[in-house]
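**Student:** Structure incoming, see below.
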C-alpha cells in the first residue's frame, strides 16, 4: 500500500548509480528511482543521454516521508555527497548529463533549495556553487538495469572502485540518518 504522505524530490548529482546507493540508505526514504530530467527529448534512452544530445541530466527521484526526513536534510545530503562546484562534471564523468541540479516540485521546494544552496553549501565547499535549480517538467525512469545498480552488482569493478568508497564515506558522515 502506497503511503499518501510521501513527498518527492528530484536531484541530479552526477552518476545515478553512485547517488542512488546513498539516498536508498536514509531513514524516511521509501524509494529511489534512477532516471532522466531536464531535456528536450521524450522517453530518452541511456545511450542518448550519455551522448549528451538530449539535454537530460542523470537524476534520482526520491520518495520520502517528510515526517521522518525533511527536504532540507535531503538537500544537505545532496550538497555533501557530490561536488556542486564543477560545471557539467563529476570526477571523470563529463557532460551536461552529469550536471548538479535540483528539480523542484513546488514553490516551497524551490525556496528551500535556494536557501540551502546559499547558506549551507558554501560552508562545506570553497569554490562557487554551480548547482542549477529548475522546475521539474518530466521525469523519465531509466532502464531497469540501472535501478538498484550498486546493490545488485556489488562485485562489478565500478561499484567496488568508485561507488563503494563514496558509500562508506557517506555512512560514516551521516550515521545518525541511516536506516537500521
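**Student:** If we scan the range 18-32, do we find a residue that is within 12 Å of the chain's Cα centre (by Cα), surrounded by fewer than 21 Cβ atoms within 10 Å (Cβ to Cβ) and within 22 Å of residue 114 (Cα to Cα)?
**Tutor:** Step one: list which residues in the range 18-32 are within 12 Å of the chain's Cα centre (by Cα), which gives 18-24, 32.
Okay, now just the ones that are also surrounded by fewer than 21 Cβ atoms within 10 Å (Cβ to Cβ), so 24.
Within this subset, residues satisfying the condition of being within 22 Å of residue 114 (Cα to Cα) are none.
No, there is no match, as no residue in the range 18-32 is within 12 Å of the chain's Cα centre (by Cα), surrounded by fewer than 21 Cβ atoms within 10 Å (Cβ to Cβ) and within 22 Å of residue 114 (Cα to Cα).
**Student:** Going through the range 43-53 one residue at a time, which ones are touching a residue at least 24 places away in the same chain (Cβ under 8 Å) and more than 19 Å from the chain's Cα centre (by Cα)? It would help to see each step written out before you state the result.
**Tutor:** The initial filter retains those residues of the range 43-53 that are touching a residue at least 24 places away in the same chain (Cβ under 8 Å), namely 43-46, 49-50, 52.
Correct list: 43 only.
**Student:** On to the next question. Confirm whether residue 139 is in contact with a helix residue (DSSP H, G or I) (Cβ under 8 Å, 6 or more places away or on another chain) and modelled with pLDDT of 95 or more. Spell out how you get there, then give the answer.
**Tutor:** Values: in contact with a helix residue (DSSP H, G or I) (Cβ under 8 Å, 6 or more places away or on another chain): no; modelled with pLDDT of 95 or more: yes.
In short, no.
**Student:** Still on this structure, please answer the following. Output yes when any residue across the range 72-80 is under 21 Å from residue 17 (Cβ atoms) and surrounded by fewer than 20 Cβ atoms within 10 Å (Cβ to Cβ), and no when none is.
**Tutor:** yes
**Student:** Let me ask something else about it. So, residue 124, is that one touching a residue at least 12 places away in the same chain (Cβ under 8 Å), under 23 Å from residue 172 (Cβ atoms) and surrounded by fewer than 16 Cβ atoms within 10 Å (Cβ to Cβ) or not?
**Tutor:** Numbers: touching a residue at least 12 places away in the same chain (Cβ under 8 Å): yes; under 23 Å from residue 172 (Cβ atoms): yes; surrounded by fewer than 16 Cβ atoms within 10 Å (Cβ to Cβ): yes.
Considered against the rule, which asks whether it is touching a residue at least 12 places away in the same chain (Cβ under 8 Å), under 23 Å from residue 172 (Cβ atoms) and surrounded by fewer than 16 Cβ atoms within 10 Å (Cβ to Cβ), residue 124 comes out as yes.
**Student:** Give just the number: which of (1) farther than 13 Å from residue 12 by Cβ; (2) in a loop (DSSP other than H, G, I, E, B) does residue 151 not satisfy?
**Tutor:** (2)
**Student:** Oh, and also: Does at least one position in the range 93-100 carry a residue that is under 21 Å from residue 29 (Cβ atoms) and touching a helix residue (DSSP H, G or I) at 6+ places or on another chain (Cβ under 6 Å)? Full working, then the answer.
**Tutor:** Just the residues of the range 93-100 that are under 21 Å from residue 29 (Cβ atoms), to begin with: 100.
Narrowing the set further to residues that are touching a helix residue (DSSP H, G or I) at 6+ places or on another chain (Cβ under 6 Å) leaves none.
Within the range 93-100, none of the residues are under 21 Å from residue 29 (Cβ atoms) and touching a helix residue (DSSP H, G or I) at 6+ places or on another chain (Cβ under 6 Å).
**Student:** Would you confirm whether or not the range 95-105 contains a residue that is free of Cβ contacts under 8 Å to residues at least 12 places away in the same chain and either farther than 22 Å from residue 32 by Cα or surrounded by 16 or more Cβ atoms within 10 Å (Cβ to Cβ) (or both)?
**Tutor:** The initial filter retains those residues of the range 95-105 that are free of Cβ contacts under 8 Å to residues at least 12 places away in the same chain, namely none.
Scanning the range 95-105, I find no residue that is free of Cβ contacts under 8 Å to residues at least 12 places away in the same chain and either farther than 22 Å from residue 32 by Cα or surrounded by 16 or more Cβ atoms within 10 Å (Cβ to Cβ) (or both), so the answer is no.
**Student:** Touching a strand residue (DSSP E or B) at 6+ places or on another chain (Cβ under 6 Å) and under 14 Å from residue 15 (Cβ atoms) - does that describe any residue in the range 134-145?
**Tutor:** Yes, the range 134-145 contains at least one residue that is touching a strand residue (DSSP E or B) at 6+ places or on another chain (Cβ under 6 Å) and under 14 Å from residue 15 (Cβ atoms).
The values are calculated or read from the model by the stated rules, or taken from the named source; none is laboratory data. Fair warning: this is a prediction, and the values are worked out from it, not measured in the lab. Counting neighbours? That spans all protein chains shown, and the Cβs are built from the backbone with ideal geometry, glycine included.
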